[in-house]
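> Provided herewith is a single structure, encoded as structure tokens, for subsequent inquiry.
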């Protein structure tokens, strides 16, 4: 049974690490291991709640950008908003392929312990380090080709411990995209895949029965976890956009090296 205190801590971890380049899946796995929570439908249900909460925080913080995109889109002509939507759709292609063909294999990896988490955290740290020291010319607009490459980085980040935001932002920086627009694109491009994955997980939950899936979670714990993920996600999303603008990702690389090493030692 997940207690309200565990839900609060795990919600904060999810909300912060979804946007900070340190891997939310890796930190959730470490947190659940520390709490002695076993894999199961109740954990799946709780994870879905946390992911939906962080998506909602993205919508709240980037609401003006979302309104601008849809306003341009429904002008029914080629413009900046239409280009943005097309690039997001292009970025979804790799993760859709991975999710469709390799979902079961990926779920097996998530239950394989902390060794993979530790290794992937170190991969995240290495990628962030490369992006920090690389100084390519910053392009004004993200091209369709770059959106696809960034989408490949997002698809690779389904591995536990490999940060989605870290992978996509670092890849975009290495490609020479402008920092200010890259962070927003990275956070907006994840909304459709997370919602799609949540819908598939909800289908699995209802297949085993909603009451059984919720058996390990009290309503209070579910609400506390959701609110914790949403509030911390709002804070982290806004903070991360400013961090990317200032280019201070090296501190997260150092952090990932340390946590990754600890996870490997105790795996």
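> Taking residue 236, is it farther than 22 Å from residue 85 by Cβ and at pLDDT 80 or above? Outline the logic, then answer.
On the way: farther than 22 Å from residue 85 by Cβ: yes; at pLDDT 80 or above: yes.
Yes.
> Return the total of residues in region 78-95 being within 20 Å of residue 172 (Cβ to Cβ), surrounded by fewer than 16 Cβ atoms within 10 Å (Cβ to Cβ) and in contact with a helix residue (DSSP H, G or I) (Cβ under 8 Å, 6 or more places away or on another chain).
Step one: list which residues in region 78-95 are within 20 Å of residue 172 (Cβ to Cβ), which gives 80-81, 83-95.
Now narrow it down to the ones that are surrounded by fewer than 16 Cβ atoms within 10 Å (Cβ to Cβ): 80, 85-86, 89, 93.
Adding the requirement that they be in contact with a helix residue (DSSP H, G or I) (Cβ under 8 Å, 6 or more places away or on another chain) leaves 80, 85-86, 93.
Of the residues in that region, 4 qualify.
> Sort out which residues of region 168-199 are under 15 Å from residue 237 (Cα atoms) and either more than 12 Å from the chain's Cα centre (by Cα) or assigned to a strand (DSSP E or B) (or both), and write them in order of number. Working first, answer last.
Keep residues of region 168-199 that are under 15 Å from residue 237 (Cα atoms), which gives 168-169, 179-191.
Result: 179, 180, 181, 182, 183, 184, 185.
> List pairs: first in region 156-182 and on the phi > 0 side of the Ramachandran plot and in contact (Cβ under 8 Å) with a residue 40 or more places away in the chain, second in a loop (DSSP other than H, G, I, E, B) and surrounded by fewer than 24 Cβ atoms within 10 Å (Cβ to Cβ), Cβ under 7 Å, 6+ apart or cross-chain?
176/136; 176/137; 176/138
> Now a separate question. Among the residues of region 103-115, are any part of a helix (DSSP H, G or I) and at pLDDT 90 or above?
Step one: filter region 103-115 for residues part of a helix (DSSP H, G or I), giving 103-110, 114-115.
Those still in the list that are at pLDDT 90 or above too: none.
Checking region 103-115: not a single residue is part of a helix (DSSP H, G or I) and at pLDDT 90 or above.
> Would it be correct to say that residue 9 is surrounded by 20 or more Cβ atoms within 10 Å (Cβ to Cβ) and farther than 19 Å from residue 194 by Cβ? Lay out the reasoning, then the answer.
On the way: surrounded by 20 or more Cβ atoms within 10 Å (Cβ to Cβ): no; farther than 19 Å from residue 194 by Cβ: yes.
Judged against the criteria, residue 9 is not a match.
> Also: Name the residue that is farthest from the chain's Cα centre (by Cα), counting only residues in region 123-155 that are free of Cβ contacts under 8 Å to residues at least 12 places away in the same chain and part of a helix (DSSP H, G or I).
133
> I've got another one for you. Can you pull out the residues in region 247-267 that are over 13 Å from residue 131 (Cβ atoms), part of a helix (DSSP H, G or I) and in contact with a helix residue (DSSP H, G or I) (Cβ under 6 Å, 6 or more places away or on another chain)?
Result: 257, 259, 260, 263, 264.
The values are calculated or read from the model by the stated rules, or taken from the named source; none is laboratory data. These numbers were taken from a predicted model, which means no experiment stands behind them. Every residue, glycine as well, gets a Cβ built from its backbone with ideal geometry; the counts of neighbours run over all protein chains shown.
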